[in-house]
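The block underneath contains the structure these notes are about, expressed in structure tokens.
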Amino acid sequence: MNLNLSAINEMPKESFVEALGAIFEHSPWVAESAFAARPFRSVDELHDAMVKAVVHSSEETKLKLFREHPDLATRIKIGDYSTKEQQGAGLDRLTPEEFEVFTASNRQYTGKFGFPFILAVRGKGKSDILAAMEARINNSLEEEADEALWQIARITKFRLHDLITE
């Protein structure tokens with residue numbers, strides 16, 4: 001489904017949230033918060049309004065958003081956007097050994113930080129993703145929370161540009 005920016009700007013709130021509510025993983029409140037900033041002159045301006053809603057939310061709300069993201073290389077049912085992104089990175093075609101490595105890395109990361117490893121996987125392969133996991137496990141919680149927010153901003157920008165034409 002492709003939408004254009006003028007249609008987005010003219011939508012009533014309910015339609016706006018329905019159309020954009022999945023951009024931020026299982027967090028339609030982000031679209032709901034950004035609605036008031038209409039009209040948007042560009043997809044990037046819409047994205048900025050959505051990111052600001054997250055940045056200005058409470059630490060508890062950010063943590064909940066982080067926890068809505070699926071583990072990378074998971075075999076459980078995940079959202080459509082995440083499914084396509086993980087398939088694009090080859091995470092749906094791991095050998096049993098690679099799957100075990102990802103599972104152990106995900107467990108270690110989540111155990112340390114309390115939320116799943118978040119990475120914009122577009123344009124990356126499984127070795128790039130694993131290397132990022134290994135490098136980031138040494139971050140502090142504050143560094144990793146900042147990195148998770150930045151990665152979510154990258155992921156959602158890709159999603160919005162895929163969905164909306166200007």
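The values are calculated or read from the model by the stated rules, or taken from the named source; none is laboratory data. These numbers come from a predicted model, not from an experiment. So basically every Cβ, Gly included, is an ideal-geometry build from the backbone, and we count neighbours across all protein chains shown. Heads up: the accessible areas ignore ligands, DNA and RNA and are worked out on the full protein's heavy atoms, side chains in. Shrake-Rupley method; radii C 1.70, N 1.55, O 1.52, S 1.80 Å.
Scanning the range 1-15 for residues that are open to solvent by 20 Å² or more (accessible area, probe 1.4 Å) and in contact (Cβ under 8 Å) with a residue 12 or more places away in the chain yields Met1, Asn2, Leu3, Asn4, Asn9, Lys13.
Conditions tested, residue by residue: (1) open to solvent by less than 60 Å² (accessible area, probe 1.4 Å); (2) of a type in the set (D, E, K, R); (3) out of contact with any Gly (no Cβ under 8 Å at 6 or more places or on another chain).
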residue	(1), (2), (3)
Gln108	no, no, yes
Gly111	no, no, yes
Leu119	yes, no, yes
Asp146	no, yes, yes
Leu163	yes, no, yes
Glu166	no, yes, yes
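Considering only residues in the range 75-101 that are assigned to a loop (DSSP other than H, G, I, E, B) and surrounded by 15 or more Cβ atoms within 10 Å (Cβ to Cβ), the one that is modelled with the lowest pLDDT turns out to be Ile78.
Kindly indicate whether any position in the range 14-29 is hydroxyl-bearing (Ser, Thr, Tyr) and assigned to a loop (DSSP other than H, G, I, E, B).
Residues of the range 14-29 that are hydroxyl-bearing (Ser, Thr, Tyr), as a first pass: 15, 27.
Right, trim to assigned to a loop (DSSP other than H, G, I, E, B) and you get 27.
Yes, because at least one residue in the range 14-29 is hydroxyl-bearing (Ser, Thr, Tyr) and assigned to a loop (DSSP other than H, G, I, E, B).
Among the residues of this structure, Glu18 does not count as one that is surrounded by 14 or more Cβ atoms within 10 Å (Cβ to Cβ), modelled with pLDDT of 95 or more, farther than 29 Å from Arg107 by Cβ and touching a helix residue (DSSP H, G or I) at 6+ places or on another chain (Cβ under 9 Å).
For the range 114-161, how many residues meet the condition of being under 28 Å from Asn2 (Cβ atoms), part of a helix (DSSP H, G or I) and among the charged types (D, E, K, R)? The number of residues fulfilling the criteria is 3.
Is at least one residue of the range 46-69 polar (S, T, N, Q), over 21 Å from Pro116 (Cα atoms) and at pLDDT 95 or above? For the range 46-69, residues polar (S, T, N, Q), over 21 Å from Pro116 (Cα atoms) and at pLDDT 95 or above: absent.
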